[in-house]
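Let me begin by presenting the structure, written as structure tokens, before commenting on it.
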Amino acid sequence: MSHVFPRHCHVTLPTTVAGDGCYLIDKDGKRYFDGSGGAAVSCLGHSNARVIKAIQDQAGKLAFAHTGFFTTEPAEALADLLIENAPGDLDRVYLVSGGSEAVESAIKLARQYFVELGQPERRHIIARRQSYHGNTLGALSAGGNALRREKFAPMLVEMSHIAPCYEYAERPNDESLEAYGQRVANDLETEIQRLGPESVIAFMAEPVVGATLGAVPAVPGYFKRVREICDQHGILLILDEVMCGMGRTGHLFAHEAEDIKADIVCIAKGLGAGYQPIGAMLCTSHIYDTIKNGSGFFQHGHTYLGHPIAAAAGVAVVREMLDNNLINQVKLRGKFLANALEAKFGDHPNIGDLRGRGLFRGIEIVADKKTKTPFSPGLAISAKFKKAVLAEGLICYPGSGTRDGKHGDHILLAPPFIATEEQLTEMVEMLSRALEATL
Ligand code: PLP
């Protein structure tokens, strides 16, 4: 009998014992193509020699030093590398152990920034329905996914949730893309006015929504309008790139595609590429200097901040991406995958939408293409679908949005950046067979 506390108590999972490029191998020798990189984590595949060596070397030199006493070479090197390649005015890096920690840090930094500015009345964070920002209580409070919040609702911090920018499901046919983008961005202005502009800290959003919608980018102009509104009221823009960042969408930072500046950016997943648990919060020098010139101390922290082995892995991951021009490869392979998905599923009666950026693609499954009615309960999250994909030797990331029955039955694909065209073609074939076996 296993003593592991699993995610799902009634499912027996295969035991995986090895990784080989884009594949995971279970103890019976069966190979699984990692079509979702776990959950958009394994961007370099599972056996990258450079990252493995960096981890081994660092473990042999120094495994841990507390950030209350020391900085370390790998933490300094990773912060330098990220800032050299970051857009806008991002200037400081706070290294944590994962996405939820990065988001918690962002929420608390944003609040402390205004306290140091002498504006302690600012306390509201506005985020969006159908978003996911992590599972710790602060991050879960920012998240707007009803199902994930439900059991913990009485314990969550009060935060506002405005409409997501989700044109497939929510744009009326007679509204242009541009008008839709401006209208939903203006929901932010309405909510700021409702709360009182002087009480708002920040707006938080994923540039491309991952787990809860399935690779949904905003329509053109949406984020520019959001930035404008934040600036008008002196409110911080926090971008959660935990899933969509680190090259996944064809840019090192996903918001580069929107041509806007962020005040705080959270990254994780692809930063460690699965080799080490690591995340980071990046902020501008203005925010950092406000803390530095105020109390001089960010009232937040974790034991494993700036962990040297995790940071060494992060340096190797980012260098591997940059030296091998993998981000451009994401753009090219992303186009190839988009075309392959369109060719296979474009006319499928149950595929309502194909979308995404780079190697971050979403497939929305509907019971009725005309009315966009989802399957209920969700087809993509059904035990039958999961069994069918595993039997094919494919890992993908199925999700269902909310229980409101309105939208959100999707499959998220986030294959490793090193996947070949042949492997991507085979992935689409496996997915198609699994879907046919489920329908
Ligand atoms: N933010 C986003 C956008 C995510 O997709 C996730 C995880 O899926 C998180 C935050 C939380 O990250 P972690 O699971 O590393 O805590």
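The values are calculated or read from the model by the stated rules, or taken from the named source; none is laboratory data. Since the structure is predicted, the reported quantities are computational estimates derived from the model, not experimental observations. Here Cβ is always computed from backbone atoms with ideal geometry, including for glycine, and neighbour counts include all displayed protein chains.
So that you can scan it fast, the table gives a plain yes or no per residue for (1) within 11 Å of the ligand (Cβ to nearest atom); (2) in a loop (DSSP other than H, G, I, E, B); (3) surrounded by fewer than 24 Cβ atoms within 10 Å (Cβ to Cβ); (4) at pLDDT below 95:
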residue	(1), (2), (3), (4)
M243	yes, yes, no, no
G247	no, yes, no, no
L252	no, yes, yes, no
A273	no, yes, no, no
P277	yes, yes, yes, no
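From the list T290, T284, the one residue that fits, being among the hydroxyl-bearing types (S, T, Y), within 18 Å of M204 (Cβ to Cβ) and more than 18 Å from the chain's Cα centre (by Cα), is T284. For region 168-193, a residue qualifies if it is under 21 Å from the mean Cα position of the chain (by Cα) and either surrounded by fewer than 20 Cβ atoms within 10 Å (Cβ to Cβ) or outside the structural domain of G98 (by TED's automatic domain parsing) (or both), and the qualifying residues are Y168, A169. Inspect all residues belonging to region 174-181 and state whether any of them is free of Cβ contacts under 8 Å to residues at least 12 places away in the same chain, in a helix (DSSP H, G or I), of a type outside the set (D, E) and at negative phi. Checking region 174-181: at least one residue is free of Cβ contacts under 8 Å to residues at least 12 places away in the same chain, in a helix (DSSP H, G or I), of a type outside the set (D, E) and at negative phi. A residue that is crowded, with 18+ Cβ neighbours inside 10 Å, under 30 Å from D263 (Cα atoms) and β-branched (V, I, T) occurs nowhere in region 78-85.
Can you tell me which residue within region 207-224, out of those that are assigned to a helix (DSSP H, G or I) and not hydrophobic (A, V, I, L, M, F, W, C), is nearest to the ligand (Cβ to nearest atom)? Looking at the filtered set, the residue picked out is Y222. Candidates in region 254-264 are the residues that are surrounded by fewer than 22 Cβ atoms within 10 Å (Cβ to Cβ) and aliphatic (A, V, I, L, M); of these, the one that is farthest from the ligand (Cβ to nearest atom) is I260.
Restricting attention to region 370-388 and to residues that are closer than 16 Å to P349 by Cβ and of a type in the set (D, E, K, R), the residue that is modelled with the lowest pLDDT turns out to be K372.
Quick check on my filter: what residues within region 191-206 are within 23 Å of E256 (Cβ to Cβ) and away from the ligand (no atom under 12 Å from the Cβ)?
At the first step, the residues of region 191-206 found to be within 23 Å of E256 (Cβ to Cβ) are 202-206.
Residues satisfying the conditions are A202, F203.
Contact map, region 134-151: first residue of a type in the set (D, E, K, R) and at pLDDT 95 or above, second residue part of a helix (DSSP H, G or I) and within 9 Å of the ligand (Cβ to nearest atom), Cβ cut-off under 6 Å, separation 6 or more or different chains; the map is empty.
Which fully enclosed strands (runs of 3 or more DSSP E) of region 320-439 have 2 or more residues being basic (K, R)?
Because the criterion is at least 2 residues that are basic (K, R), the strands (runs of 3 or more DSSP E) in region 320-439 that meet it are 351-357.
Cβ-Cβ contacts under 7 Å between residues 6 or more apart (or on different chains), taken from a first residue in region 382-402 that is on the phi > 0 side of the Ramachandran plot to a second residue that is part of a helix (DSSP H, G or I), are listed as G393/M430.
So which residues in region 6-56 are among the charged types (D, E, K, R) and closer than 21 Å to L359 by Cβ, if there are any at all?
Once the filter is applied, which keeps residues that are among the charged types (D, E, K, R) and closer than 21 Å to L359 by Cβ, region 6-56 yields D20, R31, D34, R50.
Across region 400-427, the number of residues qualifying as surrounded by 22 or more Cβ atoms within 10 Å (Cβ to Cβ) and either among the β-branched types (V, I, T) or at pLDDT below 95 (or both) comes to 7.
Tell me the residue from A110, A106 that is under 24 Å from G296 (Cβ atoms), under 18 Å from the mean Cα position of the chain (by Cα) and touching a residue at least 60 places away in the same chain (Cβ under 8 Å), please.
A106
Answer yes if at least one residue in region 294-309 is within 16 Å of the ligand (Cβ to nearest atom), under 21 Å from the mean Cα position of the chain (by Cα) and crowded, with 24+ Cβ neighbours inside 10 Å, and no otherwise. Within region 294-309, not a single residue is within 16 Å of the ligand (Cβ to nearest atom), under 21 Å from the mean Cα position of the chain (by Cα) and crowded, with 24+ Cβ neighbours inside 10 Å. Here M204 meets the list (1) touching a residue at least 60 places away in the same chain (Cβ under 8 Å); (2) surrounded by 24 or more Cβ atoms within 10 Å (Cβ to Cβ); (3) in a loop (DSSP other than H, G, I, E, B) almost entirely, failing just condition (3).
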